[in-house]
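To keep things clear, I will list the structure first and then write my remarks on it.
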Amino acid sequence: DPRGFRPLFYWVDGRTIRFGTRYAPLTAHPAFPRSIHAPAVLELLRFGYFLGEDTLFEAIKLTPAGSVLSCSETGTAVRRYWDYTFSGDITSMTEAADGLAERLRAAVARRAPASCCLHLTGGLDSRA
């Protein structure tokens with residue numbers, strides 16, 4: 001999944017790898033070590049999400065978006081196969097913000113009919 005919409009969690013237990021798109025199948029295994037990954041909890045509380053491959057459990061890792069998880073006798077390896085590409089030369093945040101505003105206006109203009117309008121009165125002037 002290039003953008004990380006469907007996460008792939010994995011747990012390496014010796015010579016066995018278990019994986020799934022949710023924690024539940026991994027944590028349901030009788031041999032699963034239920035130790036909480038304290039630094040990841042701090043990340044979650046501070047940022048609202050986990051950073052990198054961290055998850056709530058020490059044993060479970062997350063495959064990053066746009067990556068492939070490879071397994072062999074020697075262990076596991078994560079390799080990136082896709083990344084975002086940006087075109088154009090942006091030299092400042094102001095230039096980036098102006099470009100975004102211009103693209104948003106163009107997108108709305110393409111989608112909205114020319115005669116479209118929205119009354120923002122709150123209804124107070126229409127009471128009898």
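Throughout, read-outs are computed from the coordinates displayed, never taken from laboratory work. Bear in mind the structure is a predicted one, so any value in this text is a computation, not a measurement. We place every Cβ from the backbone using ideal geometry, glycine too, and count neighbours over all the protein chains shown.
Taken about its Cα centre, the chain carries a charge dipole of about 480 debye when Lys and Arg each add +1 at the Cβ and Asp and Glu each add -1 at the Cβ. Using Cα atoms only, what is the angle between the long axis of helix 93-111 and the major principal axis of the chain, expressed in degrees (0 to 90) to the nearest 10? The angle comes out at about 70 degrees.
Relative to the longest principal axis of the Cα atoms of the chain, helix 38-47 runs at roughly 0 degrees. Placing R0 at 25 angstrom, the Cβ-Cβ distance between Tyr81 and Val12 gives a FRET efficiency of 0.75 after rounding to 0.05. Histogrammed with a bin width of 5 Å, the alpha carbon distances of the stretch 8-99 distribute as 3, 11, 18, 17, 16, 12, 8, 6, 5, 4, 1 percent, first bin at zero. Subtracting the Cα-Cα distance of Ser70 and Ala107 from 0.36 nm times their residue separation leaves 9.3 nm of extension gain.
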